[in-house]
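One structure below.
A short reminder: the numbers here are calculations on the coordinates, not readings from a lab. The shown structure was predicted, so the numbers you read here are calculated from the model rather than taken from an experiment. So basically every Cβ, Gly included, is an ideal-geometry build from the backbone, and we count neighbours across all protein chains shown.
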Amino acid sequence: MKNKVKGFTLIEMCLVIAIIAILVLLIVPNITQQKQKAEQKIEEAFQTTLQTQLELQDKSITNLLDLELSPSQKEKAKDYEVVNGLVKKRVKGQS
């Protein structure tokens, strides 16, 4: 009676491991590059959004400055200033 065991040989197992290793070596750098590209696109989108907001804010401030203000409005306007593109209330004691 021959006792024939069915299974994989050592060479077959090594071959499968080598193929998996090669696939991993090909895939991992691509995933890393795609992640870096995605992060770069996110940064570009953020910068574009920020620039658009600043441009819109500048236009709205310009439009406000173009309006003719009544004397009482001019007095109230003295309480505000533009700092880094933002309209902020002046701190008392500053000119």
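Determine, from the Cβ-Cβ distance of Ile20 and Ile42 and an R0 of 41 Å, the FRET efficiency 1/(1 + (r/R0)^6), rounded to the nearest 0.05. Kindly include the intermediate steps, with their values, before the conclusion.
On the way: r = 32 Å, r/R0 = 0.78.
Calculated transfer efficiency: 0.80.
When the chain is fully extended, how far beyond the present Cα-Cα distance does Gln51 get from Glu12, taking 0.36 nm per residue of separation?
Numbers: separation 39, 0.36 × 39 = 14.04 nm, distance 5.89 nm.
Contour length minus the Cα-Cα distance gives 8.1 nm.
Couplings for segment 33-38, taken from phi via the Karplus curve 6.51 cos²θ - 1.76 cosθ + 1.60 with θ = phi - 60°, read 5, 5, 5, 5, 5, 5 Hz in order; Gly and Pro are left as x.
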